[in-house]
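So the structure is just underneath, and the comments pick up after that.
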Amino acid sequence: RIVAVAVSWAFFEHFLSGLRHLLLDTGAGFELKTNKTWSIVVMVGALVATLILWLYIFLGTAGA
């Protein structure tokens, strides 16, 4: 389970970081404060997405 949680966190981190870099490729977000803020948003977003996924897996399927 620990490995599965770690892999899902890595997936979300990579996905959100890719979206951030796609935004950077458009020329937006190069300011230092904006760039730092988005990097923190990516880390927190990946953690929240992982928590939501695993809460759904553990709690959402309990009634089924």
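The values are calculated or read from the model by the stated rules, or taken from the named source; none is laboratory data. Source: prediction; values computed, not measured. Neighbour counts are summed over all protein chains in view; Cβ atoms, including those assigned to glycine, are modelled from backbone coordinates with ideal geometry.
Quick rundown of the values:
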item: Criterion (touching a residue at least 12 places away in the same chain (Cβ under 8 Å) and β-branched (Val, Ile, Thr)) met by exactly one of Thr34, Thr26, Thr61, Thr50; result: Thr50
item: Residue match in segment 43-59 (condition: modelled with pLDDT of 95 or more and touching a Gly at 6+ places or on another chain (Cβ under 8 Å)); result: no
item: Selection count where residues are in contact with a Ser or Thr (Cβ under 9 Å, 6 or more places away or on another chain), surrounded by 13 or more Cβ atoms within 10 Å (Cβ to Cβ) and not basic (Lys, Arg), scope segment 6-28; result: 6
